[in-house]
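Q: This is the structure, below, for whatever I ask next.
What follows is calculated from the coordinates using simple rules that are stated; it is not laboratory data. Given the structure is predicted, the values throughout are model-derived calculations rather than measurements. Reconstructed Cβ throughout: ideal geometry from the backbone, glycine too, with neighbour counts over all protein chains shown.
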Amino acid sequence: MNKAKFITFEGVDGAGKSTHLAWFADTLRQRGLEVLITREPGGTPLGERLREILLNQPMHAETEVLLMFAARLEHIEQVIRPALQRGTWVVSDRFSDASFAYQGGGRGVPLAKLELLERWVHEDLQPDLTLLFDIPVEIARQRLSNNITLDRFEQEQADFFERVRAAYHRRVQQNPQRYAVIDAAQSLEKVKYQLEEVVLSI
Ligand SMILES: Nc1ncnc2c1ncn2[C@@H]1O[C@H](COP(=O)(O)OP(=O)(O)OP(=O)(O)O)[C@@H](O)[C@H]1O
Ligand SMILES: [Mg+2]
């Protein structure tokens, strides 16, 4: 438990990431750790402005990729690295896996372009641990149906989210030791139980 860790939450819209993130961070804090909660796109003043555009403004799929990684570079340099360097753990609601899943899987942007940007923006930084909130697309869609407004991604059809989910699974297969796959279709209580197990394993 010496070095501060960088932990990310991933999964399709409606999987339950945001619902569980604060609780997860508090569980780490109860162990005496300093924990910073952040999110993507966003996490900095510029990143939050880019988030607003990304979630609402139609654009070319590759423009979307470039803006995501621009926001990410700012997030890494202004927030993530400084926190880790001062010994603060960082828990981020999404990171680069989401670009591979949404822009790669969902929108079909070639993997090579995403890999190029990943190397450019954070060759020497990867999450120490990624919790993938895995859930059948229909269940996630049902959960989102309570929302009054849906952003540009949440408005996508089921087949888009099937591709996103499959791309997340490919990321896990390529690098299984970095991920904890959470069965996010279960009740709130059972998801919490799985997260407790993860905290115990850190
Ligand atoms: N295990 C669960 N059982 C039932 N409902 C849940 C569960 N987890 C989350 N929800 C509900 O599902 C909805 C979506 O959850 P949440 O906003 O946490 O998803 P998200 O993964 O952050 O989605 P997005 O990527 O769109 O931000 C919320 O209304 C939340 O209360
Ligand atoms: Mg969320």
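Q: Of these, SER99, SER92, which one is surrounded by 15 or more Cβ atoms within 10 Å (Cβ to Cβ), of a type in the set (S, T, N, Q) and part of a helix (DSSP H, G or I)?
A: The match here is SER99.
Q: Going residue by residue through the stretch 134-147, is there one that turns out to be free of Cβ contacts under 8 Å to residues at least 12 places away in the same chain, out of contact with any Leu (no Cβ under 7 Å at 6 or more places or on another chain), under 23 Å from GLU52 (Cβ atoms) and exposed (fewer than 12 other Cβ atoms within 10 Å of the Cβ)?
A: yes
Q: Do any helices (runs of 4 or more DSSP H) lying entirely in the stretch 1-86 carry at least 3 residues that are surrounded by fewer than 17 Cβ atoms within 10 Å (Cβ to Cβ) and away from ligand 1 (no atom under 16 Å from the Cβ), and which ones are they? Give the derivation first.
A: Working: elements: 17-29, 45-56, 61-75, 81-85.
Answer list for the stretch 1-86: 45-56, 61-75, 81-85.
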